[in-house]
Amino acid sequence: DSVASVNLFMVREGKLIQKENFILENAKQLPVEEILESFLPKYYLDASNLPKEIMLPLKINEEEVGKLIQEVANCKVRFTVPTRGSKLKLMKLGEQNAKQYLEAQSDKHLLEEARLMSALKELQRVLELKNLPARVEAFDISNIQGTNAVGSMIVFDFGRPEKNQYRKFKIRKDGKPNDFAMMKEMLQRR
């Protein structure tokens, strides 16, 4: 769909020393070349040690990507596409690992969705609501021994926190601490 997976093997002197997996968002139907051309500079510009050779499953625009990496790392990198032998086997293993990693992440995402939906249905049942509670706003009042009263609102959309919609309210009513009056003021202002 809109995500891609990259599997990166670090090989030194013929030995696999490290394996990393990455999920790239917003890869909507982009060709593999574009995904790699976007990923490589971002990864290798922050890498502590740069390899002399980067093996890829297919040919990319080496000039542009190599130039970006060379500017920062101050060393030349060679890009190769293996066509046979152990390097090709390693490339195929990397592709297989990337597919498995993407499927595993996808399964986790589906499991999380099912868990959230189950919790919302249970909330609907317990509160005897006609509809599923798609949006939940929760409010609270806080003060320091009756002074500096503030109210807060948090928001969940289909069980997921929407932090950009959280709000704080400075309570304007003075006087004795009265949680009910402070809550009423905050809800009226909301």
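The values are calculated or read from the model by the stated rules, or taken from the named source; none is laboratory data. Note that the coordinates shown come from a computational prediction; the quantities given were computed from them, not determined experimentally. Every residue, glycine among them, receives a Cβ derived from its backbone with ideal geometry; neighbour counts consider all protein chains shown. Note: areas computed on protein heavy atoms with side chains; ligands, DNA, RNA excluded. Shrake-Rupley method; radii C 1.70, N 1.55, O 1.52, S 1.80 Å.
When 185, 128 are checked against the criterion of being over 30 Å from residue 56 (Cβ atoms), surrounded by 11 or more Cβ atoms within 10 Å (Cβ to Cβ) and at pLDDT 85 or above, a single residue qualifies: 185.
Checked against (1) open to solvent by less than 100 Å² (accessible area, probe 1.4 Å); (2) of a type outside the set (Gly, Ala, Ser); (3) in a helix (DSSP H, G or I); (4) farther than 19 Å from residue 24 by Cβ, residue 101 passes all but a single condition, namely (4).
The residues of segment 159-178 that are surrounded by 13 or more Cβ atoms within 10 Å (Cβ to Cβ) and not in a loop (DSSP other than H, G, I, E, B), listed by number, are 165, 167, 169. Of all residues in segment 30-42, those that are free of Cβ contacts under 8 Å to residues at least 60 places away in the same chain and within 15 Å of residue 68 (Cβ to Cβ) have Cβ atoms under 7 Å from Cβ atoms of residues that are open to solvent by 60 Å² or more (accessible area, probe 1.4 Å) and of a type outside the set (A, V, I, L, M), 6 or more apart or on another chain, in 37/61.
Among the candidates 110, 123, 90, the residue that is on the phi < 0 side of the Ramachandran plot, modelled with pLDDT under 85, assigned to a helix (DSSP H, G or I) and of a type in the set (A, V, I, L, M, F, W, C) is uniquely 110.
Of the numbered criteria (1) small (Gly, Ala, Ser); (2) modelled with pLDDT of 85 or more; (3) open to solvent by 40 Å² or more (accessible area, probe 1.4 Å), the one residue 48 fails is (2).
Across segment 51-69, the qualifying residues are those that are aliphatic (A, V, I, L, M) and over 21 Å from residue 5 (Cβ atoms), and the one among them that is surrounded by the fewest Cβ atoms within 10 Å (Cβ to Cβ) is 68. Restricting attention to segment 1-34 and to residues that are within 26 Å of residue 74 (Cβ to Cβ) and under 18 Å from the mean Cα position of the chain (by Cα), the residue that is surrounded by the most Cβ atoms within 10 Å (Cβ to Cβ) turns out to be 6.
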